[in-house]
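Undergrad: Below is one structure. I have some questions about it.
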Amino acid sequence: MLTNISWGEYMLVVSLLLAGWYLYVALRFYLGEIRDLVRGKQKLLFGIGSVQPSDTSPTQFEFQPTPSNDVRESAFSEADPTFQDVDNLVERLKSVISEATQRNLLRQEFKDYIALVLKEYPNVKESPFRASVSELLVSECERFETLRLDQNEAEALWD
């Protein structure tokens, strides 16, 4: 039965079904916008942002950028200050590690410096993010031979 269908016929049927599906979606969800485009009430604009009618004339539109969806400014970070603390700690640890490599700190000096930075964030110490921060510390230090830490050493720096 399937041997009677050629590849050309198969591609034609799939293309027609696909075009029908996209036509259905366009008419179902975007009928208002399509009507406005056809009637000339709205211009087709490409780019980031939303099109809003201005107050002066119904046929003029102005570009208003959409707000960014930055993870640091999400509703979750405002609800829990620990997220912001973790983010600040991660940035601080990265800068400390790069500074330690530039200054050629000894291994014990580096550990003491990291321990002082970790003590500045007691909320992170008591949070479930502690293990993740320790893993990040180990992975960042692996790039430098003199600053290498293992997981146990990183966990010991919190105390």
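The values are calculated or read from the model by the stated rules, or taken from the named source; none is laboratory data. Source: prediction; values computed, not measured. Methodologically, a virtual Cβ is constructed for each residue, glycine included, from the backbone with ideal geometry; neighbour enumeration extends over all protein chains shown.
Undergrad: Scan the range 1-16 residue by residue and report those that are loosely packed, with under 10 Cβ neighbours inside 10 Å and at pLDDT 90 or above.
TA: Answer for the range 1-16, where residues must be loosely packed, with under 10 Cβ neighbours inside 10 Å and at pLDDT 90 or above: Ser6, Trp7, Gly8.
Undergrad: List every residue pair whose Cβ atoms lie under 9 Å apart, where the two residues are 6 or more positions apart in sequence or sit on different chains, the first residue falls within the range 17-38 and is on the phi < 0 side of the Ramachandran plot and free of Cβ contacts under 8 Å to residues at least 40 places away in the same chain, and the second residue, located anywhere, is β-branched (Val, Ile, Thr) and surrounded by 10 or more Cβ atoms within 10 Å (Cβ to Cβ).
TA: Between residues of the range 17-38 that are on the phi < 0 side of the Ramachandran plot and free of Cβ contacts under 8 Å to residues at least 40 places away in the same chain and residues that are β-branched (Val, Ile, Thr) and surrounded by 10 or more Cβ atoms within 10 Å (Cβ to Cβ), the close pairs are Ala26/Ile34; Leu27/Ile34.
Undergrad: So Phe76 clears everything in (1) touching a helix residue (DSSP H, G or I) at 6+ places or on another chain (Cβ under 7 Å); (2) modelled with pLDDT under 55; (3) not in a helix (DSSP H, G or I) except one condition, right? Which one?
TA: Condition (3) is where Phe76 drops out.
A quick yes/no check of all residues on (1) within 16 Å of Asn88 (Cα to Cα); (2) loosely packed, with under 12 Cβ neighbours inside 10 Å; (3) touching a Cys at 6+ places or on another chain (Cβ under 6 Å):
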| site | (1), (2), (3) |
| --- | --- |
| Leu105 | no, no, no |
| Gln108 | no, yes, no |
| Lys111 | no, no, no |
| Ile114 | yes, no, no |
| Tyr121 | yes, no, no |
| Val124 | yes, no, no |
| Ser127 | yes, no, no |
| Cys141 | no, no, no |
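Undergrad: Within the group Val38, Val51, Val96, which residue is modelled with pLDDT under 90, under 30 Å from Glu155 (Cα atoms) and β-branched (Val, Ile, Thr)? Before you say what the answer is, go through the steps one by one.
TA: Details: Val38 fails: under 30 Å from Glu155 (Cα atoms); Val51 fails: under 30 Å from Glu155 (Cα atoms).
Within the list Val38, Val51, Val96, the selection yields Val96.
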